[in-house]
Amino acid sequence: MEEEQRLREEADEKLISAAYDKLIADYLASRHRKKVDLITKAFNFARQAHKGVRRLSGEPYIMHPIAVAQIVCEDIGLGSTSICSALLHDVVEDTDYTVEDIENMFGPKIAQIVDGLTKISGGIFGEQASAQAENFKKLLLTMSEDIRVILIKIADRLHNMRTLDSQPANKQYKIAGETLYLYAPLAHRLGLYKIKSELENLSFKFEHPEDYATIKSKLDSTKVSRHQSFDQFTKPIKSALDKMGIQYEIKERVKTPYSIWNKMQNKHVTFDEVYDILAVRIIFTPKVREEEVNECFNIYVALAKIYKIHPDRTRDWLNHPKANGYQALHVTLMSKQGYWIEVQIRSDRMNEIAEQGLAAHWKYKDGNYTEDEGELNQWLRTIKEILDDPQPDAMDFLDAIKLNLFASEIFVFTPKGEIKTMPADCTVLDFAFSIHTFLGSHCIGAKVNHKLVPLSHRLQSGDQVEILTSTSQHVQASWIDFVSTAKAKAKIQAILRRICRDRQKAGEELLGNWLQKNGFEQTPAIIDQLATYHDIGRREEFYQALGEKHVILGEKDIDELKGKNKKKNDSGGGWRKFVPFVKAKKEEEKNEQPALFIVPEKFNRKKPIYINEENIRQYLFPTCCHPIPGDDTLGYIDNCNRIEIHKRACPVANKLKASFGNRILDVKWDMHKKLFFDATIRLAGIDRRGMVNEVTRVISNQLSVDIRKLTFTTDDGIFDGSIELRVHDREEVKAIIDSLKEVNDLKEISQIM
């Protein structure tokens, strides 16, 4: 036994030493100042602090901080401060050491970053919400002081995703959901495209393992033909660039399994119909650094002489880089094989920024954070404003942050010709709030390209916008429905809440004066009695109704308080609210419906729930995604301790995973083709005589499936239709779709969620 222990310790030592040696070698190969002593000190301290502790995977715990430091150094390109912080990031949370101890040993900067990386419990969202939302809030607050905090946190999340196999399924869905909902968009926003792609792919792999495996094997099987296409396509390009005397490399870029799957879901196409799997990247070293933008356009001109260019798919991020610093020229060319291929043209410097995001800027600044990041600082200020007035609900808060994370950008001009970067799909009102809260609050419309437009008008890239205001204009609740930026939404909600508080205060004063005048005492019981009499459930709402003059107190209210309105009480509002519930209860008893399953206090959330014919009616199936047997599903424990069943890809489930991760359960199907479920298939194609007959014959005769509803519309020789079916499971839907693909002139077949 002792010998076994000794051998295990020796193996651990070798593993740890090899990982640490690689980290130091990569750090020494970087452009940073060589503070190896400080990194060694941090490593030894963390190693001692985590001694004897193992991860779920069985490896020594110190391997995790080393791996995070490796990502920080190699993939993000940060220096010694960040590497030390990564090595120490779990010390305060998992051991007896404090932030003060870290500060005494490593200085205030590393201590501040480690503090920002340390998880916290509880928080503004209360017990109902996941601590993840509060944790995320803390990260963003610290991030606006030093952005390295979020970069290290993304590295931490990436390593956790790489080692997610050792977690139980419900934990996998929670962590993968958070990653897809928050961390991948954040990596995207910070320009970490390589990390963003890996985070998305890993999330996809754990949430939809079968789909991931299928796409991966198809990518592997088409590798040879892709290489051939790449070689044929790039041969004349290489020849042209060689003649121009350019120093370059051409890379083959393949779409990730996640982005292929996403396209298949959104466009309702099969793997074979995703045509932009292959893209080409030209990375060149400019002859003169100051002329790199002109050299990009010279390459563009050379390409235009070889291939036909798609006029609507040229993207110029050279003169106006994205907010995260991304610069490149994207052009789409028609290959000789007859399909479009995207080519990205960038210099070596642009490529480094594209791979490593903002951190690449710091490679030339000794890893120090500087304040010249312009657009990024504007985004951080927006986040700070949202955090200053956070939403009371975790999901609202995360939504507000997420609104701006993945938004593509447009360029809008002020009347003086200044350029403002705005998220795509933004409105005049969003633009007004982005300039100043006063402008947004009093905005009545705008002149866009000298034409008068309303508040809700959506802006296009290149628009020149002049905001029009009026002091008589005030914020309205309906504005929330059409603004699309986090800043505008947060400001409108904050102003509405302030107005609401003012009206409640006015209503409370009105009520106090009225009660005093009529000889009543202002007690909670009396206030609740009046609120119930007016069919209002909460005191705050009653005060607001009084303040807004929706409720005027009079003689009937005096009679109510004196007990003269018996009839109103017996048959009035309070009772009426419960009538539907009682009726539903009686119908349930009559049909002998089984009661819903209520999660007990000591419920094992790590074990999967098996849904079968006997217990299926004990769970809730919300209408957001219509899961059926065979779907990748999960369970969510709602506020009443009932279990909702969602598809793992459902947008509502994505929010739940990010906000209430501790309530997510693993769900498996154990059905035996006894029950029927609704499924809808969408069809589109070329209209011809007998098409409907052929489609119904395939479904009803060949597959013996019941058709509940059939809808077909034709327009100019093209038809669009949907078929509602009764099926046992996802397998049957797939069999139907495969059979329908054999019908001539049917061009598009997909299942509607």
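The values are calculated or read from the model by the stated rules, or taken from the named source; none is laboratory data. As the structure is a prediction and not an experimental result, all values here were calculated from the model. A quick note on method: Cβ atoms are made from the backbone with ideal geometry, for glycine too, and the neighbour counts reach across all protein chains shown. Accessible surface is based on the protein model in full, side chains and every heavy atom, while ligands, DNA and RNA are left aside. Shrake-Rupley method; radii C 1.70, N 1.55, O 1.52, S 1.80 Å.
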Inset, instruction - Of the conditions (1) in contact with a Ser or Thr (Cβ under 8 Å, 6 or more places away or on another chain); (2) touching a residue at least 60 places away in the same chain (Cβ under 8 Å); (3) open to solvent by 10 Å² or more (accessible area, probe 1.4 Å), R313 clears all except one; give me its number. - result: (2)
Legend entry - Selection count where residues are in a helix (DSSP H, G or I) and either under 20 Å from Q504 (Cα atoms) or acidic (D, E) (or both), scope the stretch 518-566: 23
Legend entry - Subset of the stretch 639-659 that is assigned to a helix (DSSP H, G or I) and among the polar types (S, T, N, Q) - its residue that is most open to solvent (accessible area, probe 1.4 Å): N654
Legend entry - In the stretch 227-239, residue nearest to K287 (Cα to Cα) [restricted to those that are touching a residue at least 24 places away in the same chain (Cβ under 8 Å) and loosely packed, with under 15 Cβ neighbours inside 10 Å]: Q232
Legend entry - Members of the stretch 674-685 that are part of a loop (DSSP other than H, G, I, E, B) and either among the charged types (D, E, K, R) or in contact with a strand residue (DSSP E or B) (Cβ under 6 Å, 6 or more places away or on another chain) (or both): K674, F676
Legend entry - Total residues in the stretch 479-517, condition open to solvent by 30 Å² or more (accessible area, probe 1.4 Å) and part of a helix (DSSP H, G or I): 24
Inset, instruction - Kindly indicate whether K673 is open to solvent by 10 Å² or more (accessible area, probe 1.4 Å), closer than 22 Å to V733 by Cα and free of Cβ contacts under 8 Å to residues at least 60 places away in the same chain. - result: yes
Legend entry - Within the stretch 423-439, tally of residues that are open to solvent by less than 10 Å² (accessible area, probe 1.4 Å) and either among the aliphatic types (A, V, I, L, M) or more than 27 Å from the chain's Cα centre (by Cα) (or both): 3
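Could you pull out every one of the helices (runs of 4 or more DSSP H) wholly within the stretch 160-210 that has 3 or more residues that are among the charged types (D, E, K, R) and either surrounded by fewer than 21 Cβ atoms within 10 Å (Cβ to Cβ) or under 16 Å from the mean Cα position of the chain (by Cα) (or both)?
Working: elements: 169-178, 184-189, 193-207.
Output list reads 169-178, 193-207.
Look at D21 and say whether it is acidic (D, E), closer than 20 Å to H159 by Cα and modelled with pLDDT of 90 or more.
It is true that D21 is acidic (D, E), closer than 20 Å to H159 by Cα and modelled with pLDDT of 90 or more.
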Inset, instruction - Answer yes or no as to whether I16 is in a helix (DSSP H, G or I), in contact (Cβ under 8 Å) with a residue 24 or more places away in the chain, surrounded by 15 or more Cβ atoms within 10 Å (Cβ to Cβ) and in contact with a His (Cβ under 9 Å, 6 or more places away or on another chain). - result: no
Legend entry - Filter result (surrounded by 16 or more Cβ atoms within 10 Å (Cβ to Cβ) and small (G, A, S)) within the stretch 294-310: A302
Legend entry - Selection status of R688, in a loop (DSSP other than H, G, I, E, B) and open to solvent by 60 Å² or more (accessible area, probe 1.4 Å): yes
Inset, instruction - Test F397 against the stated conditions and say whether it is within 28 Å of L496 (Cβ to Cβ), modelled with pLDDT of 80 or more and part of a helix (DSSP H, G or I). - result: no
Legend entry - Some residue of the stretch 646-657 being touching a residue at least 40 places away in the same chain (Cβ under 8 Å) and over 23 Å from the mean Cα position of the chain (by Cα): no
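Please go through the stretch 464-478 and give me each residue that is assigned to a helix (DSSP H, G or I) and not hydrophobic (A, V, I, L, M, F, W, C), ordered by number.
Kept after step one, since they are assigned to a helix (DSSP H, G or I), are these residues of the stretch 464-478: 477-478.
The one that is assigned to a helix (DSSP H, G or I) and not hydrophobic (A, V, I, L, M, F, W, C): S478.
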Legend entry - The lone exception for H330 - which of (1) open to solvent by less than 10 Å² (accessible area, probe 1.4 Å); (2) within 27 Å of the chain's Cα centre (by Cα); (3) at pLDDT 90 or above it fails: (1)
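Select from the stretch 211-226 the residues that are of a type outside the set (V, I, T) and open to solvent by less than 70 Å² (accessible area, probe 1.4 Å) and write down the one among them that is farthest from the chain's Cα centre (by Cα). Before you say what the answer is, go through the steps one by one.
So the first thing to find is which residues in the stretch 211-226 are of a type outside the set (V, I, T), and the list is 211-213, 216-221, 223, 225-226.
Now restrict to residues that are open to solvent by less than 70 Å² (accessible area, probe 1.4 Å): 211-213, 217, 219, 225-226.
On the way: D211: 20, Y212: 19, A213: 23, S217: 27, L219: 26, S225: 34, R226: 31 Å.
Ranking the qualifying residues of the stretch 211-226, first place goes to S225.
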Inset, instruction - Among what's in the stretch 737-747 and is part of a loop (DSSP other than H, G, I, E, B) and of a type outside the set (A, V, I, L, M, F, W, C), pick the residue that is most open to solvent (accessible area, probe 1.4 Å). - result: E742
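Based on what the data block shows, is I113 in contact with a helix residue (DSSP H, G or I) (Cβ under 9 Å, 6 or more places away or on another chain), within 19 Å of I154 (Cα to Cα), β-branched (V, I, T) and not in a helix (DSSP H, G or I)?
Working: in contact with a helix residue (DSSP H, G or I) (Cβ under 9 Å, 6 or more places away or on another chain): yes; within 19 Å of I154 (Cα to Cα): yes; β-branched (V, I, T): yes; not in a helix (DSSP H, G or I): no.
Spelling it out, it is not the case that I113 is in contact with a helix residue (DSSP H, G or I) (Cβ under 9 Å, 6 or more places away or on another chain), within 19 Å of I154 (Cα to Cα), β-branched (V, I, T) and not in a helix (DSSP H, G or I).
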Legend entry - Residue count for the stretch 698-730, restricted to those that are open to solvent by 20 Å² or more (accessible area, probe 1.4 Å) and over 23 Å from C624 (Cβ atoms): 16
Inset, instruction - Output the residues belonging to the stretch 600-629 that are charged (D, E, K, R) and either under 27 Å from the mean Cα position of the chain (by Cα) or in a loop (DSSP other than H, G, I, E, B) (or both). - result: E601, K602, R605, K606, K607, E613, E614
Inset, instruction - Scan the stretch 378-391 and give yes if some residue there is surrounded by fewer than 18 Cβ atoms within 10 Å (Cβ to Cβ), modelled with pLDDT under 65, assigned to a helix (DSSP H, G or I) and polar (S, T, N, Q), otherwise no. - result: yes
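Looking only at the stretch 700-711, filter to residues that are aliphatic (A, V, I, L, M) and outside any strand (DSSP E or B); which one of those is farthest from K673 (Cα to Cα)?
The initial filter retains those residues of the stretch 700-711 that are aliphatic (A, V, I, L, M), namely 703, 705, 707, 710.
Then keep just the ones that are outside any strand (DSSP E or B); that gives 703, 705.
Numbers: L703: 14, V705: 13 Å.
If we take residues in the stretch 700-711 being aliphatic (A, V, I, L, M) and outside any strand (DSSP E or B), then L703 is farthest from K673 (Cα to Cα).
One line per residue, one yes/no per condition, for (1) among the aliphatic types (A, V, I, L, M); (2) at pLDDT below 90:
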residue	(1), (2)
T633	no, no
I643	yes, no
A649	yes, yes
D670	no, no
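Of all residues in the stretch 4-13, how many are closer than 21 Å to F45 by Cβ and open to solvent by 50 Å² or more (accessible area, probe 1.4 Å)?
Start the filter on the stretch 4-13 by keeping residues that are closer than 21 Å to F45 by Cβ, which leaves 9, 12-13.
Checking the rest, the ones that are also open to solvent by 50 Å² or more (accessible area, probe 1.4 Å) come to 9, 13.
Residues meeting the conditions: 2.
Report, by residue number, each residue of the stretch 274-291 that is in contact with a strand residue (DSSP E or B) (Cβ under 9 Å, 6 or more places away or on another chain) and at pLDDT below 90. It would help to see each step written out before you state the result.
Initial filter on the stretch 274-291 (in contact with a strand residue (DSSP E or B) (Cβ under 9 Å, 6 or more places away or on another chain)): 275-287, 289.
Y275, D276, I277, L278, K287, R289, listed by residue number.
Residue-by-condition table, conditions (1) touching a residue at least 24 places away in the same chain (Cβ under 8 Å); (2) in a strand (DSSP E or B); (3) among the hydroxyl-bearing types (S, T, Y):
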{"site": "T713", "(1), (2), (3)": "no, yes, yes"}
{"site": "G721", "(1), (2), (3)": "yes, yes, no"}
{"site": "R726", "(1), (2), (3)": "yes, yes, no"}
{"site": "A735", "(1), (2), (3)": "yes, no, no"}
{"site": "I749", "(1), (2), (3)": "yes, yes, no"}
Inset, instruction - Report the residue count in the stretch 39-54 for those that are open to solvent by 50 Å² or more (accessible area, probe 1.4 Å) and either among the hydrophobic types (A, V, I, L, M, F, W, C) or in a helix (DSSP H, G or I) (or both). - result: 5
